[in-house]
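Asks: I have a structure I would like to understand better, so I am pasting it below and will then ask my questions one at a time.
The values are calculated or read from the model by the stated rules, or taken from the named source; none is laboratory data. For clarity, every value in this text was computed on a predicted model and none was experimentally measured. Using ideal geometry, Cβ is built from the backbone for each residue, glycine included, and neighbour counts are taken over all protein chains shown. Accessible surface is based on the protein model in full, side chains and every heavy atom, while ligands, DNA and RNA are left aside. Shrake-Rupley method; radii C 1.70, N 1.55, O 1.52, S 1.80 Å.
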Amino acid sequence: MPTLNLLTNVPVDAVIASDILKDATKAISKTLSKPESYVMVLINGGVPIAFAETEEPAAYAELVSIGGLAPAVNAKLSSIIADILQTKLSINPNRFYIKFYDVQSQTTIFFGPHFYSHSSIRFACLNSSTYSHPHPTSPFAQAFASPFPPDLITANHRSSIASRIPPPTTGRQPRRLAFAQAP
């Protein structure tokens, strides 16, 4: 799930963008020991950026990951990404900032086979039937604030939140939802 969001004031054509995407994906995957299939890299070129009172080539990036980040790893990643930017876009490493975010899986949405969270349940519940929580002032009820489908609360999935959700107060029979299991 590592995601690198890169902004630069240098215009980026499709060929260079493709090279940066490939190089950054491989570097992040290898450094964080995460599969390349989970790495996302976004590039936004030609963004107006002023840094140190000039508009010379510069870049700003944010890297978000579920675990794997630490001071030594961050230093290695920032060096690798700075090298990629210098090679592909001629951005001097001293004109590049990167911010690292180590997040928990419960704050991340992924509709693939591995991690589910109450965040993803809330996202999936938009525009669904209304759910009446027996304690409408509880933090959980406020976080999920109707609508919430009764179907989802009895779903057979690995989300720890599912076991703590009270049964639906509606009279309809919930249907089972199938979720992919990790290999």
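Asks: Around residue 89, under 13 Å between beta carbons, what's the net of Lys plus Arg minus Asp minus Glu among the other residues? Walk me through the numbers on the way to the answer.
Replies: Working: positive: 88, 95; negative: 13, 19, 23, 56, 83.
Local net charge: -3.
Asks: Stretched out fully, how many nm does the piece from residue 94 to residue 18 gain, at 0.36 nm a residue minus the Cα gap?
Replies: On the way: separation 76, 0.36 × 76 = 27.36 nm, distance 2.38 nm.
This chain segment gains 25.0 nm when fully extended.
Asks: Leaving out ligands, DNA and RNA, and with a 1.4 Å probe, what % of the accessible surface on the stretch 1-43 is carbon or sulfur?
Replies: Numbers: 1290 of 2180 Å².
Accessible surface attributable to carbon and sulfur in the stretch 1-43 totals 59 percent.
Asks: Could you provide, to the nearest whole Å², the per residue accessible area of the stretch 1-114 with probe 1.4 Å?
Replies: Numbers: 6230 Å² over 114 residues.
Value for the stretch 1-114: 55 Å² per residue.
Asks: Next up: Please state the shape class of the stretch 1-72: rounded when a/c is under 1.5, otherwise prolate if a/b exceeds b/c and oblate if not, all from the C-alpha gyration tensor.
Replies: oblate
Asks: Please report the net charge: other residues with Cβ closer than 14 Å to the Cβ of residue 77, K and R +1, D and E -1.
Replies: Details: positive: 26, 30, 34, 76, 99; negative: 23, 62, 83, 102.
With Lys, Arg at +1 and Asp, Glu at -1, the neighbours total +1.
Asks: OK, next. Determine the sum of side-chain charges near residue 6: Lys and Arg each +1, Asp and Glu each -1, restricted to other residues whose C-beta is under 14 angstrom from that of residue 6. Let's see the in-between values first.
Replies: On the way: positive: 22, 88, 95, 99; negative: 19, 23, 62, 83.
So the environment of residue 6 carries a net charge of 0.
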